[in-house]
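Below is one structure, written out as structure tokens; the observations come after it.
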Amino acid sequence: MPPPDPFVELLDEGRAEASVAARGRERALGRMAEEGARLAGALVDLAERRSPVAVRTEAGRSHHGVLVEVGTDYCRLRADTGAESLLRLSAIASVRPHRGERQRAATSDRSPASDQRLLEVLARAAGDRPRVVLVVRGGDVLAGRLRSVGIDVVTLHLDGEEGQGCYVPEGAITEAWLEP
């Protein structure tokens, strides 16, 4: 057997060191992506994959379905029945992707695809006076006809209370369902 060639050994050693350095850079980039992740970015990724999710809100409610839209301060979740929930991002306690899907750490810092706010979605619907259910901070549920939407207030005519109005500050709304 011929003696080892020092140049070949040097090349092999250099390749091994380069491989170790590349793996280290890859791990560092992965950590940086995880550290820069945002909830909205993770939701945008889930919406694009049409991944089924379970979203739990601070009020203790659970919503199951597929994310179909992510706005500036809300996301729209469509259930198997076709019903849609509008959930304020700041009121989300947890998002659990479907168990059958392999999940990795959140890494996306992407911005929402839509620049709309929850209040703007409600304002667009107000002209039709739809029935709406609003959940507000603390978990209270208000149901009635959507009368109007102002700069920072939503006006409802409550169900079962003829003509009884209710003013809901925009910042208090954590969940909304609009009936067709």
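Within segment 160-176, none of the residues are closer than 30 Å to residue 52 by Cβ, among the aromatic types (Phe, Trp, Tyr) and modelled with pLDDT of 90 or more.
Taken together, the residues in segment 93-124 that are within 15 Å of the chain's Cα centre (by Cα), crowded, with 16+ Cβ neighbours inside 10 Å and modelled with pLDDT of 75 or more amount to 6.
Within segment 142-169, the only residue that satisfies the criterion of being among the β-branched types (Val, Ile, Thr) and surrounded by fewer than 12 Cβ atoms within 10 Å (Cβ to Cβ) is 151.
Count of segment 54-99 residues, restricted to those that are in contact with a Gly (Cβ under 7 Å, 6 or more places away or on another chain) and part of a strand (DSSP E or B), is 2.
The values are calculated or read from the model by the stated rules, or taken from the named source; none is laboratory data. Given the structure is predicted, the values throughout are model-derived calculations rather than measurements. A quick note on method: Cβ atoms are made from the backbone with ideal geometry, for glycine too, and the neighbour counts reach across all protein chains shown.
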